[in-house]
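Notes to accompany the following structure.
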Amino acid sequence: MTAAGLGIQPVTVWTGLWREHRVLFGRWLARLRREPLALLALLVQPMVWLLLFGHLFGQMAATAQVPGGSYLRFMTAGAVVMTTFNGCLMGGVELLFDRESGFLIRMLAAPARRVSIVTSRFIYLAALTTAQGLIITAAAWIMGVRYATGLAGIAACLAIGALFGAGITALSVGLAFSLRTHSQFFPITGFASLPLTFASSALVPLALMPGWLRAVARLNPMTYAIDALRTLILTGWQAGPLLGTVAALVAFDVICLTAATLALRRGLR
Amino acid sequence: MSSSADPAVQVKDLTRDFGSTRALDGASFEVGKSEIFGLLGPNGAGKTTTMRILLTLLRPTSGTARVAGLDVTAEPVAVRRQVGWVPQDRTVDPLLTAAENVTFMAGMYHLSPREGRRRAAELLAMADLSEHARRPARDLSGGMRRKLELAMSLVNVPAVLFLDEPTLGLDISARRNLWAYVREIRDSGTTIMLTTHYLEEADMLCDRVAIIDRGRIQATGVPAELKERLACATLDDVFLAATGQQLAEQPAADQLVTS
């Protein structure tokens, strides 16, 4: 046995960051694997959006003007972004569980950087929602949806999704550190989820919305992400609007991260 | 800088206010190297506040605290490398296996994956948990989970190990089993500072105790010596003499028997 107090030596910043992120990410992943129902839901839910909504609204939409000619093609962008939105919106709750159980404060007593607990969660959710996005893309491909921009377009779609997801994750993490118990968390996220989805261009083109809803949807960051994906899937590369979307999403992320940092300062103190 | 002559823990005139409430009011004490030191006191006496300051989770309002020769305010990260902690809340991750819980903590202390696995095997063996290494922690008994928490707190070979109510809620055989493990940890060179509600535990396990009440240290010494000095038959009476009250009624969890 090693002599007391001689067990560990300081490591370089990068080695430390790598080692703490490795175990933190590994823990989030292990927790998911041990909950088979949650894992199944994460894999199946994207299909549900596409199949259920795609066919449900597809019948009605047959009579209306749907950009891209088929509702399924139109809907694919919405399914990818909605899945990212829901995954990231719920993504902060694990930190709230850790706060409630006392596991968080135990982690805070370790030499690992405190912010790594949060950044590992961002990385985990980006990886998870990217995997879900790939599943949706593959399912849509099987049903005949082809991306106008090919493989590079798929990568761009997933990157835009991750950019949007980062802001939502920040909001969720901020919420987790602002509330006392998870029984407060679920009503709030549950209440926010559906209206934000419907007040976006996920299911219906902005042009077909009543004026007031269109005005709300124009302010919804989800609309920006969806419209960018939709252009990549249906039309092709349009540098101008694409860069505009990226700029808008970066601004959204900055606002959310700032809000989350304020909540974290209190919660991690 | 730390030197080998420093005490393991050195607390001087430590004060901590929460708003208008003074949780610690000029507490001073020292813990020698390789001691098992018990901090006894009723609920709200300042035990947890003291421990959280020593763990760098709280800043003192005034006064100084040094752990392993390092100032907790000036060098918090260096202090964290030198200490281990078993909080009173149950903090194993029930979804991870016993081994994963330990390797997770090893990573949080910046051990390499290989060192982490080696250390986990070593610590689980020391805690008699080797055969349960691959079981999810939720399937372990209360006593085994508590030992797993201790194993998790030892990944960095701490100079000082802090135990908050280490045997709360355990039945007597699990409690004795855990005491033996704590002594074994001490014998390997780690200093142990614990809080406890059980005066029997303080008497049997601790080399020295401090009695804290209303944020102040009321008495410090070897249990037998304290009994003699205050002319008391039991540590219970010592406690009464030092604080003017019986040790607060045992917390509710104490009534639970976990095997």
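The values are calculated or read from the model by the stated rules, or taken from the named source; none is laboratory data. Computed from a predicted structure; not experimentally measured. Virtual Cβ from ideal backbone geometry, glycine too; neighbours counted across all protein chains shown. For accessibility, only protein heavy atoms count, side chains too; no ligands or nucleic acids. Shrake-Rupley method; radii C 1.70, N 1.55, O 1.52, S 1.80 Å.
What angle, in degrees between 0 and 90 and rounded to the nearest 10, separates the Cα long axis of helix A:71-89 from the longest principal axis of the Cα atoms of chain A? With rounding to tens, the tilt is 20 degrees. Accessible surface buried by the A/B pair amounts to about 3600 Å², both sides summed, 1.4 Å probe. Please work out whether the protein assembly as shown counts as rounded, prolate or oblate from its C-alpha gyration tensor, where a ≥ b ≥ c are the square roots of the eigenvalues and a/c under 1.5 means rounded, while otherwise a/b larger than b/c means prolate and anything else oblate? Prolate, since a/c reaches 1.5 and a/b exceeds b/c. Using the 1.4 Å probe convention, the accessible area of segment B:91-133 works out to 36 Å² per residue with neighbouring protein chains retained. Here the 3J(HN,Hα) profile of segment A:239-248, calculated from phi with Karplus coefficients 6.51, -1.76 and 1.60 at θ = phi - 60°, is 4, x, x, 4, 5, x, 4, 4, 4, 4 Hz, Gly and Pro shown as x.
The alpha carbon centroids of segment A:142-206 and segment B:208-243 are separated by 60 Å.
Tell me the angle of helix B:172-187 to the major Cα principal axis of chain B, expressed in degrees between 0 and 90 and rounded to the nearest ten. Approximately 90 degrees, to the nearest 10. Interface residues of segment B:43-80, defined as those losing at least 40 Å² of solvent-accessible heavy-atom surface relative to the isolated chain (probe radius 1.4 Å), are listed as B:L57, B:R80. When the surface is traced with a 1.4 Å probe over the full set of protein chains, A:F85 keeps roughly 10 Å² accessible.
Remark: mean inter-chain Cβ contacts per residue of B:119-125 equal 1, using a 10 Å Cβ-Cβ cutoff to other protein chain atoms. The residues of chain A present an accessible area of 46 Å² per residue when probed at 1.4 Å with all protein chains retained.
For segment B:145-170, heavy-atom accessible area (probe 1.4 Å) falls by no less than 20 Å² from the chain alone to the full protein assembly at B:N156, B:V157. Shielding by partners for peptide B:106-118, expressed as the average number of C-beta atoms from other protein chains within 10 Å of each residue's C-beta, is 6.
The separation of segment B:4-45 from segment B:166-194, counted between C-alpha centres, amounts to 21 Å. Entry note, chain B: relative contact order of 25 percent, from Cα contacts under 8 Å with a spacing of 6+ residues. In terms of the Cα gyration tensor, with a ≥ b ≥ c the square roots of its eigenvalues, is chain A rounded because a/c is under 1.5, prolate because a/b exceeds b/c, or oblate? It comes out prolate by the Cα gyration axes.
A probe of 1.4 angstrom, applied to the heavy atoms of all protein chains, finds B:W179 with accessible area near 10 square angstrom.
Taking the accessible area of the protein assembly as shown, probe 1.4 Å, and keeping the other protein chains in place, the carbon and sulfur fraction comes to 61%. The charge dipole of segment B:1-145, taken about the Cα centre with unit charges on the Cβ atoms of Lys, Arg (+1) and Asp, Glu (-1), comes to about 280 debye, rounded to the nearest 20. Toward the positive end of the charge dipole of chain B, about the Cα centre and with charges on Cβ (Lys, Arg +1; Asp, Glu -1), which of B:T64, B:C206, B:P136 goes farthest? Value: B:P136. In the assembled protein chains, A:W49 presents an accessible area of approximately 30 Å² (probe radius 1.4 Å). Placing dummy labels 7 Å off each Cα toward the beta-carbon, the span from A:L243 to B:R229 is 7.7 nm.
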